[in-house]
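Everything on this sheet refers to the single structure shown next.
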Amino acid sequence: MIRPVRVTIAALAATAAALAFAASGGATAPVAPADTPLVPPAGSVFTGVSAGPAASFAQEVAKHPAVYGAFVTWGESIHWAFDEAAAAHARLMLHISTTMGYGAPQKITPLGIAQGAGDHYLVGLAALIAHYGRPVYVRLLPEMDQANNAYCAFNADGSSRGPSYAPSAFVAAWRRAVTVLRGGTVAAIDAQLAALHEPPLRGAPAAGTIPATQVAFVWTPQVAGSPDIPANRPSAYYPGDAYVDWVGTDFYSKFPNFTGLDAFYREFSGKPFAFGEWAIWGGDSPSFVAQLFQWVDAHRRVEMMLYNQGYVTNGPFRLNLDPGSTAAIRRRLASPRFLAFTPDW
């Protein structure tokens, strides 16, 4: 039976009991963390979809999505994302941004996260994931090397956005988020943050515990920075192997940079690889589908692919606009290598 998730992050952050803070009197024991980065069985790929109705995607491609991705904004209520993933019987991936789209007001800067200004959100999110009780992927600040994203370190002309957005601030923010969301006693978390030269956790009792959760962190820059300057290269934003469970990128038919994809895949070896977003964009293209899946077949670290439908009905990524591509995807996903469910479903 799926428990309802009609609980907001703010409500959880405000209630010590809901947060499962284990002051020495003893609250609920934290959920054991996953002992793997939540990968599929060897040789398999979790297929998935982001945004829009999962049921229509499944009908179009004749494959149930194993993973459901939801685009959410820092500080906003996200209970709906858990509800939709549960209703779809799919594992949840949270694509977490600091704005509600390009040009929208930003909720927090990378440096703000690193300095603890967003700790109430992270603490509440940890509680919400623990309350949900199922594994979750967290894709924090995706495409951080893309100037259209408010948290990128550079403007489109290559000028810096200042220290609050520097790649080093992104790295510090990512490490803090991972440290908090992996859970543990507040004392242990504070010790880890001190080792990172970051301030102690805010908004949690010193004798408390943040619930450990089954969560895996998916780092997904573009394969080349935009602007494409050395200081904005993907590696400038890499938080380190200890803080990344999956490496991946986004890939669209409108920008089929397979040469860059090859180089990026080689550079960040040793981690399972994910397409956090991929889609047909700019016209029906069965040839792109064939080329992408041939690439996946030849690169065995690829273990997850989430098609981005977009939230707009008849938007540019919707498969109903591209029948040739849809048929090609359906044929490719029919392979048993592409899994329709995660083990927890």
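What follows is calculated from the coordinates using simple rules that are stated; it is not laboratory data. All figures in this text were calculated on a predicted structure; none of them were measured in a lab. Cβ sites come from the backbone with ideal geometry, for glycine too, and all protein chains shown count toward neighbours.
Rounded to whole numbers, the Karplus 3J(HN,Hα) couplings from phi for the range 71-77 are 8, 10, 10, 3, x, 8, 4 Hz, using 6.51 cos²θ - 1.76 cosθ + 1.60 with θ = phi - 60°, and x at Gly and Pro. Remark on Gln309: its backbone amide H falls under 5 Å from those of Ser50, a criterion applied only to residues 5 or more positions apart or on other chains, H modelled at 1.01 Å from N. Straight-line cross-link partners of Lys254 among the aspartates and glutamates, defined as a Cα under 14 Å from its Cα and at least 8 positions apart when in the same chain: Glu277, Asp284, Asp322. Which one is right for this structure if Cα Rg over 2.2 N^0.38 Å is calculated from it: (1) 0.96; (2) 1.01; (3) 1.45? Structure-derived value, by its label: (1). DSSP finds beta bridges in the chain, and of those with both partners inside it, around 5 percent are antiparallel. Using the Cβ-Cβ distance between Gln291 and Ser168 with R0 set to 41 Å, the FRET efficiency from 1/(1 + (r/R0)^6) comes to roughly 0.65.
Listed by chain and number, the aspartates and glutamates placed with their C-alpha closer than 15 angstrom to that of Lys107 are Glu76, Asp119; residues fewer than eight positions away on the same chain are left out. Considering only alpha-carbon pairs that sit under 8 angstrom and 6 or more positions apart, the relative contact order computed for the range 33-339 is 22 percent. Here's how it looks for Phe46: its modeled amide H is under 5 Å from those of Met304, Met305, Leu339, which are all 5 or more places away or on a different chain. The H on the amide N of Val215, modeled in the peptide plane, is under 5 Å from the matching H of Ala34, Val136, each at least 5 residues off or on a different chain. Backbone N atoms of the range 319-340 closer than 17 Å to the 7 Å Cα→Cβ label point of Ala62 belong to residues 320, 323-340.
With contacts taken as Cα pairs under 8 Å at a separation of at least 6 residues, the range 211-330 carries a relative contact order of 23 percent.
Would you work out the charge dipole size for the range 201-290 about its Cα centre, treating the Cβ of every Lys and Arg as +1 and the Cβ of every Asp and Glu as -1, and quote it to the nearest 20 debye?
On the way: 5 positive and 8 negative charges, 47 e Å.
Rounded to the nearest 20 debye, it is 220 debye.
Sequence-ordered 3J(HN,Hα) estimates for the range 52-58 from the Karplus curve with 6.51, -1.76 and 1.60 and θ = phi - 60° stand at x, x, 5, 5, 5, 4, 4 Hz, glycine and proline given as x. For the chain, the dipole from Cβ point charges (+1 on Lys and Arg, -1 on Asp and Glu) about the Cα centre works out to 420 debye, to the nearest 20. Taking the chain as a Gaussian network of alpha-carbon nodes connected by springs under 10 Å, the highest mean-square fluctuation of the residues Ala85, Ala206, Ala224 belongs to Ala206. Highest GNM mean-square fluctuation, the chain, Cα pairs closer than 10 Å: which of Ala126, Ala177, Ala204? Among Ala126, Ala177, Ala204, the largest GNM mean-square fluctuation belongs to Ala204.
Toward the positive end of the charge dipole of the chain, with +1 on the Cβ of Lys and Arg and -1 on the Cβ of Asp and Glu, the farthest Cα among Phe293, Ser164, Leu339 is that of Leu339. A simple spin-label model places pseudo-atoms 7 Å from Cα toward Cβ; at Ala87 and Ala55 they are separated by 0.8 nm. Per-residue Karplus couplings for the range 127-144, computed as 6.51 cos²θ - 1.76 cosθ + 1.60 with θ equal to phi - 60°, are listed in order as 5, 5, 5, 5, 4, 5, x, 10, x, 9, 9, 10, 10, 8, 6, x, 6, 5 Hz, Gly and Pro entered as x.
Among the chymotrypsin sites (Phe, Trp or Tyr not before Pro) in the range 76-126, those placed in a DSSP loop whose Cβ has at most 11 other Cβ atoms within 10 Å are Tyr102. In the chain, the DSSP-assigned H stretches of four residues or longer account for a calculated mean residue ellipticity at 222 nm of -8500 deg cm²/dmol, using -39500 (n - 2.57) per stretch and the full residue count as denominator. With Rh defined as the Kirkwood radius, the inverse of the mean 1/r over Cα pairs, the Rg/Rh of the range 130-186 is 1.11. Of interest is the spacing of the C-alpha centroids, which for the range 226-258 and the range 194-211 amounts to 30 Å. Please report the net charge: other residues with Cβ closer than 15 Å to the Cβ of Ala153, K and R +1, D and E -1. Combined, the nearby Lys, Arg, Asp and Glu give -2.
With 10 angstrom as the radius, rank Arg300, Arg91 by how many other C-beta atoms surround their C-beta, starting from the fewest. Let's see the in-between values first.
Working: Arg300 12, Arg91 27.
Fewest to most other Cβ atoms nearby, the residues stand as Arg300, Arg91.
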